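Have a look at the structure below before the remarks.
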Amino acid sequence: MASVTYDHVTKKFGETTAINDLNIAIEDKEFLVLVGPSGCGKSTALRCLAGLEEITGGRILIGQRDVSNVAPKDRDIAMVFQSYALYPHMSVYDNMAFGLKLRKTPKAEINKRVKEAAEILGIDHLLGRKPKQLSGGQRQRVAVGRAIVREPAVFLFDEPLSNLDAKLRVQTRAEISKLHQRLQTTFIYVTHDQVEAMTMATRIAVMKDGVLQQLDSPQNLYDRPNNIFVAGFIGSPAMNFFDAKLVRADGQLVVDGGAFQVVVPEDKAGAYAAHVGQNVVFGVRPEDIHDPSFAPPGIHQALVPAKVEVTELMGNEVILYLKSGDRNYVARVDPRSQARIGNDVQVALNMDNMHVFNKDTEQAIR
């Protein structure tokens, strides 16, 4: 069991900076997810921790030990890759036992650890099979089992579910979460899928272009994103953004979006008072745009005229693709909504959950 610290870590490939001054303190037994688009530096950060890439600057600590120049085999970590990296000529048992055999672990101990890990993962009946006789999900479990038997201080996962189909991905991410609770070990997990991050993590580190954008709990990232990038990355469908201006009208603070004007609730107006007259970016999540007939009671509603361009019936909700003026945006509404393609409708924005960002810096205005 161990904490992990990235202390001003920088990694360059020639002139390209893959990680720029990364500072993260990961607590013992925490499940931290590194998330961001392709090329943001998340896998590089994981590989630097594993010792597969040499850092250009800063330090990496596991517990209190500086491992920046320690060989990968001596870092007390185990890594699960996107490609399962199983030996095709070996049985499941031998694949899981291979690392222990290299370490000259006693045979009885190897047998005990492999059987315990296989039981935890529900693959004890597959120990005699070869990888080609297994499904994708079973192969992934074997790769996880190979990591478990090492009994490392830190588990590293590099996009382990990318090769699985949608149903199996949901099932396997639940199994990994259960595994974390059972093993009580530090997990560091890399993914580009924000749904995986939101459902599994204790905390999430959102990265872009090698720079940490925000490190927080899933709920805080959703409720209080630091900037436009985080706001647009966390949540599905993504947050809607509108170029707007904050103005005063009839003694009230109003967001003027051109095609619509919506009143800011009194309890929020104080936070934005200093920005009156400024151009801003107004943000509202699709789930905070309602069919007025089915809007939750007690919210501060602002009605906006819109035209329905596309509808997607999902069973438990309807996704509406809307247009107000020249602005396209998305709403997730109650499945009882009667909105249909081509309809002119009004939608209700929940202004209690509104977001405002500085247009120049893209930082959130609190």
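Derivation of every value follows stated rules applied to the coordinates shown; laboratory data play no part. Here the structure is a predicted model, which is why all the values come from computation and not from measurement. A quick note on method: Cβ atoms are made from the backbone with ideal geometry, for glycine too, and the neighbour counts reach across all protein chains shown.
The residues neighbouring Lys11, those whose beta-carbon lies less than 14 Å from its own, together hold a net charge of -2 under the Lys/Arg +1, Asp/Glu -1 convention.
Averaging the sequence gap over all C-alpha pairs within less than 8 Å and six or more residues apart, then dividing by the number of residues, gives region 134-293 a relative contact order of 14 percent. What the Cβ-Cβ distance of Tyr87 and Asp250 gives, at R0 = 56 Å and to the nearest 0.05, is a FRET efficiency of 0.15.
Close amide H contacts of Glu53 (hydrogens built in the peptide plane, cut-off under 5 Å, sequence separation of 5 or more or a different chain): Cys48.
The residues Thr172, Thr186, Thr361, Thr56, when put in order of fewest to most other Cβ atoms within 10 Å, stand as Thr361, Thr56, Thr172, Thr186. Each peptide in 13-20, 317-324, 30-37 receives the mean, over its residues, of other Cβ atoms within 10 Å, and ordering these scores from highest gives 30-37, 317-324, 13-20. Legend: residue pairs Lys29/Lys112; Lys12/Lys101; Lys107/Lys132; Lys29/Lys73; Lys130/Lys167, Cα-Cα distance threshold 28 Å; pairs beyond threshold, Lys12/Lys101. Recomputing P(r) over Cα pairs in 10 Å bins from 0, in percent from the coordinates shown identifies the correct label among (1) 5, 22, 28, 22, 14, 7, 2, 0; (2) 5, 21, 25, 21, 16, 10, 3, 0, 0; (3) 5, 23, 34, 26, 10, 2, 0 as (2).
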